[in-house]
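Read the structure below first, then the notes.
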Amino acid sequence: MGFPVQRPRRLRRSELLRSLVRETDLAAGDLILPLFVVPGRRVRHEIPSMPGQFNLSVDEAVAEAQEAQSLDVPAVILFGIPPAKDAKASGAYDPHGIVQEAASSIKKEVGNMLVVADVCLCEYTDHGHCGVVRGDEIQNDETLDLLARTAVSQAKAGADIVAPSDMMDGRVAAIRKALDAAALEQVPILSYAAKYASGFYGPFREAAQSTPKFGDRRTHQMDPANAREAIREVLLDIEEGADMVMVKPALPYLDVIYRVRQAVNVPVAAYHVSGEYAMLAAAARNGWIDRDRVMMESLVSIRRAGADLIVTYFAKEAARLLQR
Ligand code: PBG
């Protein structure tokens with residue numbers, strides 16, 4: 001039975017009808033706001049390739065988390081730019097490191113806010129790689145110990161969730177074991193399980209000063225051509241103890257988000273990354289697209305593909321629109 005009995009337009013005639021039959025929702029409660037924390041006080045330095053996003057000193061990061069909280073955004077994810085970098089990434093697991101200080105200040109000063117700590121060494125190594133380097137090779141197993149120390153020190157400082165983004169093999173197991181040994185068995189792991197070697201991280205690397213000095217990340221991050229491998233990565237991480245898994249980037253990988261959602265029962269997150277933000281921000285600035293509209297369309301598409309949670313630089317802005 002087709003037309004004229006079937007008229008899909010009937011249900012699109014008014015906003016009330018459209019909203020009555022809408023399949024996917026987007027809520028502030030699904031969003032996580034990334035923050036880039038730098039040394040100093042009262043520092044709020046705009047990131048050139050990410051207009052509207054800032055490098056923030058701890059006091060300013062607290063203010064930003066406060067504002068996110070007032071907009072019903074439930075979580076921030078912290079990235080640190082340490083005062084000094086070295087070959088062992090000492091700043092990553094320093095009990096008074098930049099992320100540790102930010103985590104403890106936010107937990108102390110902002111009520112009702114989850115702090116997620118990104119676990120990776122690339123912002124802390126002088127060569128910009130995600131692990132210990134020998135010759136021109138990133139050492140997997142040696143790196144695990146440093147990642148585990150980093151996660152434990154972040155959790156001790158108050159981080160509610162740790163989120164390894166380095167893509168070393170076995171890091172979820174190493175982190176779970178170390179957390180449990182430190183009586184932090186209640187701290188969940190959000191694993192960046194399917195993280196692709198992507199050009200869309202460009203602006204982030206400017207913000208975090210983490211561009212590798214030589215080579216690239218293709219020996220540990222995934223090949224953009226692979227989707228089945230994402231399922232393998234996700235299942236391995238869940239087996240190792242991941243409580244939630246992430247796909248990253250988001251929009252160019254909606255099919256991967258969809259496949260992962262079908263394959264697992266744990267919450268699935270997607271990271272709408274810096275390059276995705278920069279593209280929209282730049283086009284909107286030129287008046288070529290409507291910023292609000294394209295932002296909301298992008299976020300709802302990521303939810304429609306199957307993501308439960310979205311890490312996005314638009315978290316505050318989207319939450320503000322959702323309040324109206
Ligand atoms: C690694 C990390 C990166 C991002 C999040 N965690 C960069 C990388 O792998 O080079 C990228 C996030 C973004 O582009 O918004 N610490």
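Within the range 24-323, what percent of beta bridges assigned by DSSP are antiparallel, to the nearest 5?
Here the antiparallel bridges make up roughly 15 percent for the range 24-323.
If you line up the long axis of helix 228-240 against the longest principal axis of the chain, both from Cα atoms, how many degrees apart are they, to the nearest 10?
60 degrees
Helix 254-263: angle to the longest alpha-carbon principal axis of the chain, degrees 0 to 90, nearest 10?
The angle comes out near 80 degrees.
Give the order of M168, M279, M246 when sorted by the count of other beta carbons within 10 angstrom, beginning with the fewest.
Lowest to highest Cβ neighbour count: M279, M168, M246.
Quick one: compute the contact order of the chain, relative version, from alpha carbon pairs under 8 angstrom and 6+ residues apart, as a percent.
Relative contact order, the chain: 18 percent.
Using only Cα atoms, find the angle between the long axis of helix 98-109 and the longest principal axis of the chain, and express it within 0 to 90 degrees, rounded to the nearest 10.
Once rounded, the angle reads 60 degrees.
Using r as the Cβ-Cβ distance of E67 and F3, and R0 as 56 Å, what FRET efficiency do you calculate, to the nearest 0.05? Could the numbers behind the result be given before it?
On the way: r = 50 Å, r/R0 = 0.90.
Once the sixth-power term is evaluated, E becomes 0.65.
In the range 1-85, what percentage of the DSSP-assigned beta bridges are antiparallel, given to the nearest 5?
25 percent
Helix-only estimate, please: 222 nm mean residue ellipticity of the chain, summing -39500 (n - 2.57) across DSSP H runs of length 4 or more and dividing by its residues, to the nearest 500.
-12000 deg cm²/dmol
Express in whole angstrom the spacing between the alpha-carbon centres of the range 187-226 and the range 245-303.
Between the Cα centre of the range 187-226 and that of the range 245-303, the gap is 16 Å.
Find how much the distance from D141 to V294 grows on full extension, using 0.36 nm per residue of separation minus their present alpha carbon separation; answer in nm with one decimal.
50.9 nm
Farthest toward the dipole's positive end in the chain, which of S198, A163, P188, given Cβ charges of +1 (Lys, Arg) and -1 (Asp, Glu) about the Cα centre?
Checking the options against the dipole of the chain, the answer is S198.
Under 21 Å from the Cα of K213, which lysines turn up, not counting those fewer than eight places away in the same chain?
K85, K88, K195
Coordinate-derived values only; no laboratory data. Keep in mind that what you see is a predicted model, and the values were worked out from it rather than measured. Backbone-built Cβ (ideal geometry, glycine too); neighbour counts: all protein chains shown.
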